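**Student:** My questions all concern the structure below.
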Amino acid sequence: MDAHPDRNAVVAGVDGSPTSLNALRWAAYLAAAVRAPLVIACAPRFPHPDGDPGHRPPGARVMRWHEIAARTAEHAVALVRSCTPELPVTTEITPEAAAPALIALSAHARILVIGAQTAWDGRLVGATTMEVARHARCPVVVWRGTAGRRIPRRKPVVVGVDGTALSTAAVELGFELAEALEVPLTAVHCWPGNRIAPVGPGVDRTATEHAVLAEALAAHREAHPGVRVTEMATPGVPATVLAEAARDSQLVVVGTRARNTATAALFGSTSRDLLHRAPCPVAVCA
């Protein structure tokens, strides 16, 4: 593996599976939009006994896995060249299993894109994807969708806004990507029905929550005046409301809790739920 990718680069994790190749196609589209080079990271598809994403098989089989990874990289480059021929592309053949390799690369990347590698039932996101989303040092886009489907280039970007500092990075990335992709941004703010509401004569809960949303967006609107924004404030479970909004979008962006030694325990429930159920790619910001 080279020392580090370009800090402006979009890094795509590829293992040769159809899901990872669809994620690669989406990563190339994103890299072209944000005018960044693309780094294709190929790691051997080591079997994961007991769901361990860092497992590495012993002995001579490792060499065979790396030969397969090298061929996968060649195929991946050809795929990118066929859809975005002018995009600068490099490859990384890693000596590690996928999760630790991608987490290491994320420390020096702008955005990391991976496929929604699935668990046994084919619907829930598997161990490698969750491990990378929890521990990556840059925003992670997990590709979800229908294999082979055209990228819905004119659909909006959706961003979840909770009015706290935890969603600030998500809001900024949402504006940045909507601007780069030249599409509208839908900003979604919701609150559980059992949350304690402001009380007093003349208090309008909906107006109060709209004000929270407007305040969270104000500085970003000024920084990205060309982005057309639709504001949506509604009661409901955040993951459910965002998943519904994502049905007519090309990307949903959410934040999670700050990275620290308790990352695994603090990984946000909304982020986790969307990785399992969203109908489109999901970007998770630290």
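**Student:** Take region 4-34 and flag every residue that is out of contact with any helix residue (DSSP H, G or I) (no Cβ under 7 Å at 6 or more places or on another chain), touching a residue at least 60 places away in the same chain (Cβ under 8 Å) and under 23 Å from Arg150 (Cβ atoms).
**Tutor:** Ser17, Pro18, Thr19, Ser20, Asn22, Ala23, Trp26, Ala27, Tyr29, Leu30
**Student:** Name the single residue, out of those in region 243-258 being in contact with a helix residue (DSSP H, G or I) (Cβ under 6 Å, 6 or more places away or on another chain) and surrounded by 16 or more Cβ atoms within 10 Å (Cβ to Cβ), that is modelled with the lowest pLDDT.
**Tutor:** Residue satisfying both the conditions and the ranking: Thr256.
**Student:** Please verify whether region 93-102 includes one or more residues that are without any contact (Cβ under 8 Å) to a residue 40 or more places away in the chain and surrounded by fewer than 17 Cβ atoms within 10 Å (Cβ to Cβ). Full working, then the answer.
**Tutor:** Our first condition is that a residue be without any contact (Cβ under 8 Å) to a residue 40 or more places away in the chain; within region 93-102, this holds for none.
The answer is no, given that none of the residues of region 93-102 is without any contact (Cβ under 8 Å) to a residue 40 or more places away in the chain and surrounded by fewer than 17 Cβ atoms within 10 Å (Cβ to Cβ).
**Student:** Any residue in region 136-148 that is under 13 Å from Gln117 (Cβ atoms) sitting within a Cβ distance under 7 Å of a residue that is surrounded by 24 or more Cβ atoms within 10 Å (Cβ to Cβ) and among the hydroxyl-bearing types (Ser, Thr, Tyr)? List the pairs, counting only those 6 or more apart or interchain.
**Tutor:** Close Cβ pairs satisfying both conditions: Val142/Thr129.
**Student:** All but one of (1) within 23 Å of Ser20 (Cα to Cα); (2) of a type in the set (Val, Ile, Thr); (3) surrounded by fewer than 21 Cβ atoms within 10 Å (Cβ to Cβ) hold for Val157; which doesn't?
**Tutor:** (3)
**Student:** In addition: Just checking, which of Pro88, Pro53, Pro139 is at pLDDT 90 or above, under 30 Å from Ala169 (Cα atoms) and under 21 Å from the mean Cα position of the chain (by Cα)?
**Tutor:** Pro139
**Student:** Sort out which residues of region 183-194 are in contact (Cβ under 8 Å) with a residue 12 or more places away in the chain and either surrounded by fewer than 19 Cβ atoms within 10 Å (Cβ to Cβ) or of a type in the set (Ser, Thr, Tyr) (or both), and write them in order of number.
**Tutor:** Across region 183-194, the qualifying residues are Pro184, Thr186, Pro192, Gly193.
The values are calculated or read from the model by the stated rules, or taken from the named source; none is laboratory data. Owing to the predicted nature of the structure, the values given are computational and were not obtained by experimental measurement. So basically every Cβ, Gly included, is an ideal-geometry build from the backbone, and we count neighbours across all protein chains shown.
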